[in-house]
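Asks: Take a look at the following structure, please.
We did not get these values from a lab; they are worked out from the coordinates using the rules stated. Remember, it's a predicted structure, so these values are computed and weren't measured experimentally. Counting neighbours? That spans all protein chains shown, and the Cβs are built from the backbone with ideal geometry, glycine included.
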Amino acid sequence: MNDYRCNNCDFTLPSGSGGYSYIEDESGLRINYEEKSKSLRTIISEIWGFSDYRNWKELVRIHTGFNSYCICLDCLNIFEADISPNRNGFSKDDKICPKCSSNHVHTELELVGKECPSCNEGKIEKMVVPLI
Ligand SMILES: [Zn+2]
Ligand SMILES: [Zn+2]
């Protein structure tokens with residue numbers, strides 16, 4: 001488990017590993033499946049309600065991804081976006097702040113070691129928190 005925070009002010013970012021793997025349901029809602037201690041197949045059959053796995057690889061290809069925690073450096077909005085490129089080199093989401101439309105956006109992991117966007121004095125540090 002990692003915490004991400006500024007070494008100067010109280011600016012903190014979501015803890016974890018920078019994001020999470022998700023599967024979309026039929027409405028496009030992204031469900032964090034790392035939290036669930038079930039196999040991806042079980043989760044798919046629960047969410048999509050079928051037991052016919054002929055097309056399940058295709059479903060996985062289209063409807064799974066990785067949501068990264070992103071931070072807008074202009075308005076400090078923290079949001080989730082799938083900005084990892086797929087096999088065609090495109091990402092599902094743009095690296096653009098949904099609140100102020102700025103493209104001055106870093107992922108949480110990119111921000112480690114960089115200047116804090118909140119106080120502009122400290123640095124964002126990754127702290128390893130032992131699981132108790
Ligand atoms: Zn700071
Ligand atoms: Zn913004």
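Asks: Name every residue in segment 83-92 that is touching a residue at least 24 places away in the same chain (Cβ under 8 Å) and in contact with a Ser or Thr (Cβ under 7 Å, 6 or more places away or on another chain), in order of residue number.
Replies: Across segment 83-92, the qualifying residue is only I83.
Asks: Looking only at segment 72-128, count every residue that is away from ligand 1 (no atom under 16 Å from the Cβ) and in a strand (DSSP E or B) and tell me the total.
Replies: 6
Asks: Report yes if some residue within segment 68-75 is of a type in the set (F, W, Y), within 16 Å of ligand 2 (Cβ to nearest atom), in contact (Cβ under 8 Å) with a residue 12 or more places away in the chain and surrounded by 18 or more Cβ atoms within 10 Å (Cβ to Cβ); otherwise report no.
Replies: yes
Asks: Here is a list: Y69, Y4, Y22. Which entry is within 16 Å of ligand 1 (Cβ to nearest atom) and among the hydroxyl-bearing types (S, T, Y)?
Replies: Matching residue, one of Y69, Y4, Y22: Y4.
Asks: Quick one: count up the residues across segment 4-44 that are assigned to a loop (DSSP other than H, G, I, E, B) and out of contact with any Pro (no Cβ under 9 Å at 6 or more places or on another chain).
Replies: Qualifying residue count, segment 4-44: 21.
Asks: OK, next. Search segment 111-131 for residues being free of Cβ contacts under 8 Å to residues at least 40 places away in the same chain and exposed (fewer than 15 other Cβ atoms within 10 Å of the Cβ), and hand back the single one that is farthest from D93 (Cα to Cα).
Replies: If we take residues in segment 111-131 being free of Cβ contacts under 8 Å to residues at least 40 places away in the same chain and exposed (fewer than 15 other Cβ atoms within 10 Å of the Cβ), then N120 is farthest from D93 (Cα to Cα).
Asks: Give the residue, chosen from K95, K38, that is without any contact (Cβ under 8 Å) to a residue 12 or more places away in the chain and not acidic (D, E).
Replies: K38 is the lone residue from the list that is without any contact (Cβ under 8 Å) to a residue 12 or more places away in the chain and not acidic (D, E).
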